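The values are calculated or read from the model by the stated rules, or taken from the named source; none is laboratory data. Because the structure is predicted, anything quoted here is derived from the model rather than measured. Heads up, the Cβs are rebuilt from the backbone with ideal geometry, glycines too, and the neighbour counts pull from every protein chain shown.
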Amino acid sequence: MKNLDTGIFPTWCPGCGDFAIFSSIKNAIGMMDYPAESYFFTYGIGCHGHMCNFLDVYGFETLHGRPLPVAEGAKLANRDLNVIAVSGDGDSYGEGISHFMHIMRRNIDLTLIVHNNRVYGLTTGQVTPTSQKGFRSKSTPDGTIEQPMNPISTAILGGATFVARGFAGDPAHLSSLIVEGVKHKGFALIDVFQPCVTFNHINTYQWYREKVYKLEGNNTSDRMEALRISMEQDKLPIGIFFREEAKTYEEQVATQVSLSSEPVKTDIKDLIESFR
Ligand SMILES: Cc1ncc(C[n+]2csc(CCOP(=O)(O)OP(=O)(O)O)c2C)c(N)n1
Ligand code: SF4
Ligand SMILES: [Mg+2]
């Protein structure tokens, strides 16, 4: 794991769940046989995105909400890469929600790990789409009146082919989920309960410990059953909710290109002229 450190000491607040996610990612890379240079990470903007400075693999810190389109481009350009997008709840479920919805129906082979702390951490504590109803924050001093979105249910309905949830308080379990997600051929979501010890005093380690339980078995390919489990409220399941095998986007692109009788046109001068 040490080989995957850049040597820059993480600037996260002491006790932040981001430390455990960082360790789980390094541990998962160590558990797989792929060389370190086969990985390409993209990061959103937020406390989670700081990992770009600490993890010593190829990486690109994108714009807020944009780790997925950059990851998609990288995968389409080089299908041999293991592409992993690291994001936040504000990043993927707020600003980047349209990318999140569309990547699921495309089934591009990459893994999205969301540090879901249910708050905008980096901008010092505002409400996000996953904040609990009533959550008081800098932007909602009287408590938010909106219902939180459920990323797991959304992903199951959206067509994702691998949907899992981990907890930063159980890094060994999270590492195993990351291994499964990376090895899955298709789009994999791993949403992670990540306590923000500075700005979220509701969803704490203790709060999660009293609620989480591990799903038994991990081969559900029944979307309706997975959806039912994902909607449990009193207890919060972690583990793999759903997975199925399906053709990836890039496989289908390759087939279309090989079947096309027309050579690919790279000169677009005529096309531009036609608009004059
Ligand atoms: C386009 C754009 N909008 C807004 C911002 C300001 N901004 C930076 S980080 C952030 C929120 C990050 O929250 P989240 O994605 O949950 O990450 P966390 O800090 O909690 O890890 C926002 C709104 C920005 N940098 N760019
Ligand atoms: S503000 Fe929250 S999410 Fe950001 S480093 Fe501190 S504890 Fe972690
Ligand atoms: Mg957040």
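Side notes on the structure shown:
- Of the residues making up region 76-88, none is polar (S, T, N, Q), in contact (Cβ under 8 Å) with a residue 60 or more places away in the chain, within 16 Å of ligand 2 (Cβ to nearest atom) and buried (at least 22 other Cβ atoms within 10 Å of the Cβ).
This table checks each residue for (1) farther than 30 Å from residue 148 by Cβ; (2) among the basic types (Lys, Arg).
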residue: 181; (1), (2): no, no
residue: 185; (1), (2): yes, yes
residue: 203; (1), (2): no, no
residue: 229; (1), (2): no, no
residue: 259; (1), (2): yes, no
residue: 270; (1), (2): yes, no
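- Some residue of region 89-98 being more than 16 Å from ligand 3 (Cβ to nearest atom) and under 13 Å from the mean Cα position of the chain (by Cα): no
- In region 4-33, the residues that are away from ligand 2 (no atom under 11 Å from the Cβ), without any contact (Cβ under 8 Å) to a residue 60 or more places away in the chain and more than 13 Å from residue 171 (Cα to Cα): 4, 5, 6, 7, 8, 9, 29, 30, 33
- For residue 179, the conditions (1) modelled with pLDDT of 95 or more; (2) touching a Lys or Arg at 6+ places or on another chain (Cβ under 9 Å); (3) within 23 Å of residue 109 (Cα to Cα) all hold with the exception of (2).
- Of the helices (runs of 4 or more DSSP H) lying entirely inside region 9-102, those containing at least 3 residues that are away from ligand 1 (no atom under 13 Å from the Cβ) are 18-31, 67-77.
- Residue within region 71-84 that is at pLDDT 95 or above and over 25 Å from residue 253 (Cβ atoms) present: no
- Being of a type in the set (A, V, I, L, M) and either surrounded by fewer than 17 Cβ atoms within 10 Å (Cβ to Cβ) or at positive phi (or both) is a property that does not hold for residue 212.
- Condition check for residue 114: within 11 Å of ligand 3 (Cβ to nearest atom), of a type outside the set (Gly, Ala, Ser) and either in contact with a Gly (Cβ under 9 Å, 6 or more places away or on another chain) or more than 15 Å from residue 45 (Cα to Cα) (or both): yes
- Of all residues in region 39-58 being surrounded by fewer than 18 Cβ atoms within 10 Å (Cβ to Cβ) and under 21 Å from residue 20 (Cβ atoms), the one that is farthest from ligand 2 (Cβ to nearest atom): 56
- Members of region 176-199 found to be surrounded by fewer than 22 Cβ atoms within 10 Å (Cβ to Cβ) and farther than 15 Å from residue 243 by Cβ, listed by number: 197, 198, 199
- Scanning region 208-221 for residues that are over 18 Å from residue 180 (Cβ atoms), more than 20 Å from the chain's Cα centre (by Cα) and either within 16 Å of ligand 3 (Cβ to nearest atom) or of a type in the set (D, E, K, R) (or both) yields 209, 210, 211.
- Residue count, region 103-134 (criterion: part of a helix (DSSP H, G or I) and within 16 Å of ligand 1 (Cβ to nearest atom)): 0
- Residue 109 being more than 14 Å from ligand 2 (Cβ to nearest atom), acidic (Asp, Glu), under 13 Å from the mean Cα position of the chain (by Cα) and at pLDDT 95 or above: yes
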